[in-house]
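J.: What follows is a single structure, and I will ask about it in a moment.
The values are calculated or read from the model by the stated rules, or taken from the named source; none is laboratory data. A quick note: this is a predicted structure, and the numbers were derived from the prediction, not measured. For neighbour counting, all protein chains shown are included, and Cβ atoms are generated from backbone atoms with ideal geometry for every residue, glycine included. The area values use the complete protein model at the heavy-atom level, side chains included, leaving out ligands, DNA and RNA. Shrake-Rupley method; radii C 1.70, N 1.55, O 1.52, S 1.80 Å.
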Amino acid sequence: MKVTTTTLEMLSAPTGAARDFPGDVRLDRAPAISPEYARFLYGLVGGPWHWTDRLGWSRRQWAEELAVRGTEFWILYGDGLPLGYVHLHPTREEDGTHVEIRYFGLTEQAIGRGLGGRLLEHGIRAAWSLPERFDLADVTRVWVHTCTLDGPAALANYQGRGLRICEVKESDEPVSDRPLGSWASTGGPAEAA
């Protein structure tokens, strides 16, 4: 399948505050997230959108990823359940810290409630403020990849929050006809057709 991958970036911190969430929703920073919960969120949010590249990762691979200094998860909750998350991953570069929004998205039940833009706004501000919580150089770039296998509103959401396209690539990728879905992606057994 032909897949278009778009890289977007922001080179200066946004001004102003992120919009508040409705009163029945909260955003929590998970400073000591376990590999099990990180993988669960990845499958829960990414299952409907062909997120499969990390489903085969070992616990050790997840632990090593999460051990990178400055890595953060911000998890959106409502009704006692996770509604989405932002995974921030910093790297040290010559001009300072670059922060990738490694994964971002909402669960299926949260889509259409006006939460995606707000979650991204908070995630972007958290990315720019990582040096306030970790021993990191000042952030000089926040960036993200999205592709045509992600949710249909992803690219517009990133652009609407101030990220600008810096690269577009097309590739042929082996992709199944249908996404696995959250059930299978979080470890549930395949259901009979």
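J.: Sticking with the crude label model, points 7 Å out along Cα→Cβ, report the distance from residue 13 to residue 59 in nm, one decimal please.
T.: 3.8 nm
J.: Quote the FRET efficiency, to the nearest 0.05, computed for residue 135 versus residue 26 with a Förster distance R0 of 30 Å and r equal to the Cβ-Cβ distance.
T.: FRET efficiency, residue 135 to residue 26: 0.60.
J.: Run the dipole for the chain about the Cα centre, Lys and Arg Cβ at +1, Asp and Glu Cβ at -1, nothing else charged, and hand back the magnitude in debye, nearest 20.
T.: The calculated dipole for the chain is roughly 260 debye.
J.: Leaving out ligands and nucleic acids, and using a 1.4 Å probe, what accessible area per residue does the chain come to in Å²?
T.: Accessible area per residue, the chain: 53 Å².
J.: List the relative contact order of the chain as a percent without decimals, with contacts defined as Cα pairs under 8 Å and 6+ residues apart.
T.: Worked out over the chain, it gives 37 percent.
J.: Within region 76-169, what percent of beta bridges assigned by DSSP are antiparallel, to the nearest 5?
T.: 75 percent
J.: Starting from the Cα of residue 171, move 7 Å in the Cα-to-Cβ direction to define the label point; list residues of region 1-42 whose amide nitrogen is under 20 Å from there.
T.: Inside the label zone: 1-9.
J.: So between residue 178 and residue 156, what do we pick up on full extension, going 0.36 nm a residue minus the alpha carbon distance?
T.: Gain on stretching residue 178 to residue 156: 5.6 nm.
J.: For Rg and Dmax of the Cα atoms in Å, which listed value, [x] 18.1, 58; [y] 16.4, 52; [z] 16.1, 45, comes from the coordinates shown?
T.: [y]
J.: Let me ask something else. Please report the carbon-and-sulfur percent of the accessible area for the chain; probe 1.4 Å, protein heavy atoms only, DNA, RNA and ligands left out.
T.: 51 percent
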